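What follows is one structure encoded as structure tokens, with my remarks underneath.
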Amino acid sequence: MTILQTRRRFLMSAASVAALGGLSTLLPAVARPAWAAPPLRLAVERRVLEVMGKPASVFGIRQPDGTSGLVLNPGQRFLVDLANRAGEDAVIHWHGMTPPYAQDGVADANRPLIRDGASQSYDFEPRPGTHWMHSHHGLQEQRLMAAPLIVRTAEDRRADVQEVTVLLHDFTFKDPAEVLAGLTGGTMKHGGMDHGGGHGSGHGGHGSGHGGAMPMMDHSTMKGMGGMTMAAMDLNDVEYDAYLANDRTLDDPEVVRVERGGRVRLRLINGATSTAFHIDLGALDGTVVAADGNPVQPVTGRRFGMVMGQRLDILVQLPAGGGTFPVLAQREGERQRTGIVLATPGAAVGRTAGLADGATGPVDLSLERRLAALDPLAPRPTDAAFTIRLTGGMAPYVWTIDDRPFGEHRPLTVRKGQRVTVTMVNESPMAHPMHLHGQHFQVTALNGTALAGAVRDTVLVPMDGSATIAFDADNPGRWPLHCHNLLHMATGMMTELVCDQTI
């Protein structure tokens with residue numbers, strides 16, 4: 001089945017979404033009373049970013065003053081007018097928000113793309129915490145169509161803590177379509193990128209660079225890629241040109257001035273397309289206080305794993321004597337790293353190498369097992385339980401759910417108000433960060449072992465492992481459930497949770 005056929009089939013089936021209360025009537029604008037506060041303005045636009053001394057054409061999501069993304073104050077509504085000046089159609093997903101279905105930022109039969117030159121309005125109650133925004137169309141996210149989305153609480157305002165937000169990304173000078181073609185051999189039989197649109201065009205920037213797909217290999221051989229074992233290769237699909245923290249590499253990192261003896265709340269966002277990171281605080285002890293924007297019981301340490309789509313809020317106490325403190329993110333299975341530098345007044349900032357002394361192992365569930373929600377789900381019986389299998393592989397490069405790509409299997413169907421559990425069993429040769437739109441869930445089991453884990457929206461399902469999540473389906477709509485490795489989602493690893501009172 002071709003991409004076009006798959007999408008046509010989806011669009012025909014998605015016509016039934018009109019039964020969800022005529023949600024298409026909410027588009028293209030959100031009605032506002034005349035006395036309402038003026039909306040914040042965001043624009044999706046092109047920009048030129050210098051990476052390792054070379055210019056690259058990328059995207060940005062910025063306010064009129066050039067600020068990337070949004071920071072909302074306690075009690076402030078998500079009241080936004082988004083203008084598309086990208087030169088191509090786009091749609092922005094508010095990752096971590098739980099808005100009404102029509103405002104989620106995913107294109108389908110009832111939610112069109114934002115055409116180039118057009119605008120879209122949004123108005124909903126935001127969810128507090130560290131979140132982000134990114135394209136959910138084509139491969140635009142790989143070209144840095146992403147930005148932070150921070151919703152502060154009254155407690156944040158009262159705390160004597162400096163806030164530092166860090167958005168991590170992986171970067172290639174190549175056209176992302178060329179990278180994906182290198183993985184699929186130039187033939188992609190299935191499409192899972194978005195509900196109603198295509199993969200999008202776009203050029204990765206100037207210069208050829210070296211970023212691109214790792215060559216496909218015979219799984220009967222044990223080594224390739226200059227001695228890299230197959231186990232290491234299965235951690236990462238793509239060799240990127242650079243790894244960015246707030247758009248910068250460690251050749252020229254962002255230096256944040258902090259107070260001697262002060263406290264800093266690091267709001268860390270893994271916005272990478274297909275790279276998991278180990279967060280390394282170096283000489284500082286850190287305390288994780290939130291995961292995916294939701295408060296957790298404090299967990300202390302100096303190294304923490306983060307997969308794509310996840311966020312961690314980490315409190316660090318700076319020593320009274322001051323100094324310079326790199327906050328690093330090292331790619332799993334590799335030596336490459338990026339990061340920022342915290343520096344107290346007068347402290348000299350030396351160079352931090354972009355390569356660590358040694359490679360890391362994979363990001364695993366060691367942190368996830370330690371996390372416990374401060375506000376867990378109330379105990380109640382399960383009304384609807386599902387088990388899905390994460391399937392597919394490297395050769396051919398197709399990633400699926402229950403051996404079928406998006407559009408070729410039935411969605412998970414629930415009624416509003418039901419307690420739902422979903423167990424995701426990974427039968428594929430790679431780990432997958434699984435993200436659910438429209439709901440936040442509690443992690444209730446890992447590899448078959450029950451726990452009262454964190455409330456979040458993205459969870460790692462390791463190779464040969466499983467994760468069970470639970471939530472109360474309180475938000476009607478068609479909600480994507482997908483791998484947040486963009487290239488895995490692009491080749492089919494996505495399904496839907498359909499929630500409606502009348503189903």
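For residues that are within 20 Å of ARG265 (Cα to Cα) and exposed (fewer than 12 other Cβ atoms within 10 Å of the Cβ), tally how many sit in the stretch 341-356.
Count: 1.
Show the residue pairs that are 6+ apart or on different chains and have beta-carbon atoms under 7 Å apart, the first residue being within the stretch 79-91 and more than 19 Å from PHE124 (Cβ to Cβ), the second being assigned to a strand (DSSP E or B) and β-branched (Val, Ile, Thr).
Note: pairs meeting the criteria are ASN84/VAL44; ASN84/ILE114; ARG85/VAL44; ALA86/VAL44; ASP89/ILE114; ALA90/VAL44; ALA90/ILE114.
On the basis of being touching a helix residue (DSSP H, G or I) at 6+ places or on another chain (Cβ under 6 Å) and open to solvent by 10 Å² or more (accessible area, probe 1.4 Å), does GLY333 make the cut?
On the way: touching a helix residue (DSSP H, G or I) at 6+ places or on another chain (Cβ under 6 Å): yes; open to solvent by 10 Å² or more (accessible area, probe 1.4 Å): yes.
Yes, satisfied.
Only strands (runs of 3 or more DSSP E) wholly contained in the stretch 402-443 count here; list those with 3 or more residues that are within 23 Å of the chain's Cα centre (by Cα) and of a type in the set (A, V, I, L, M, F, W, C).
So the answer is 419-426.
Just to check your reading of the model, which residue among GLY305, GLY309 is assigned to a strand (DSSP E or B) and touching a His at 6+ places or on another chain (Cβ under 7 Å)?
One residue alone meets the criteria, GLY305.
Name the single residue that is modelled with the lowest pLDDT among those in the stretch 57-116 being acidic (Asp, Glu) and more than 17 Å from the chain's Cα centre (by Cα). I'd like the intermediate steps shown before the answer.
First, the residues of the stretch 57-116 that are acidic (Asp, Glu): 65, 81, 88-89, 104, 108, 116.
Right, trim to more than 17 Å from the chain's Cα centre (by Cα) and you get 65, 81, 88-89, 108, 116.
On the way: ASP65: 97, ASP81: 98, GLU88: 98, ASP89: 98, ASP108: 86, ASP116: 98.
Step by step, filter the stretch 57-116, then rank; the result is ASP108.
Tell me, which residue of the stretch 361-402 that is open to solvent by 20 Å² or more (accessible area, probe 1.4 Å) and among the polar types (S, T, N, Q) is nearest to ARG311 (Cα to Cα)?
SER366
Here are some conditions: (1) farther than 16 Å from ALA291 by Cβ; (2) open to solvent by 10 Å² or more (accessible area, probe 1.4 Å); (3) among the hydroxyl-bearing types (Ser, Thr, Tyr). SER135 meets all but one. Which one does it not meet?
All conditions pass for SER135, except number (2).
Quick one: would you say ALA473 is of a type outside the set (Lys, Arg), open to solvent by 20 Å² or more (accessible area, probe 1.4 Å) and over 17 Å from the mean Cα position of the chain (by Cα)? Explain how you work it out, then say what you get.
Values: of a type outside the set (Lys, Arg): yes; open to solvent by 20 Å² or more (accessible area, probe 1.4 Å): no; over 17 Å from the mean Cα position of the chain (by Cα): yes.
Criteria not met by ALA473.
If I go through the stretch 261-288 residue by residue, how many of them are open to solvent by 10 Å² or more (accessible area, probe 1.4 Å), within 13 Å of PHE304 (Cα to Cα) and outside any loop (DSSP other than H, G, I, E, B)?
So the count comes out to 3.
Using the structure shown, decide if GLU155 is open to solvent by 10 Å² or more (accessible area, probe 1.4 Å) and either under 16 Å from ASP292 (Cα atoms) or touching a residue at least 40 places away in the same chain (Cβ under 8 Å) (or both).
no
Look through the stretch 237-248, keep the residues that are open to solvent by 20 Å² or more (accessible area, probe 1.4 Å) and assigned to a loop (DSSP other than H, G, I, E, B), and return whichever of them is farthest from ILE279 (Cα to Cα).
Once the filter is applied, the top-ranked residue is ASP241.
Looking at GLY448 and the list (1) crowded, with 24+ Cβ neighbours inside 10 Å; (2) over 23 Å from VAL106 (Cβ atoms), which single condition is not satisfied?
All conditions pass for GLY448, except number (1).
Looking at the stretch 482-501, can you tell me whether even one residue there is closer than 18 Å to ALA276 by Cα, open to solvent by 20 Å² or more (accessible area, probe 1.4 Å), under 21 Å from the mean Cα position of the chain (by Cα) and in contact (Cβ under 8 Å) with a residue 60 or more places away in the chain?
no
Only one residue in PRO319, PRO326 is open to solvent by 30 Å² or more (accessible area, probe 1.4 Å) and assigned to a strand (DSSP E or B), so which one is that?
Only one candidate qualifies: PRO326.
The values are calculated or read from the model by the stated rules, or taken from the named source; none is laboratory data. Please read all numbers here as calculations on a predicted model, not as lab measurements. No Cβ is skipped: glycine too gets one built from the backbone with ideal geometry, and neighbour counts run over all protein chains shown. The protein model used for the area step is the full one, side chains on, heavy atoms only, and it has no ligands, DNA or RNA in it. Shrake-Rupley method; radii C 1.70, N 1.55, O 1.52, S 1.80 Å.
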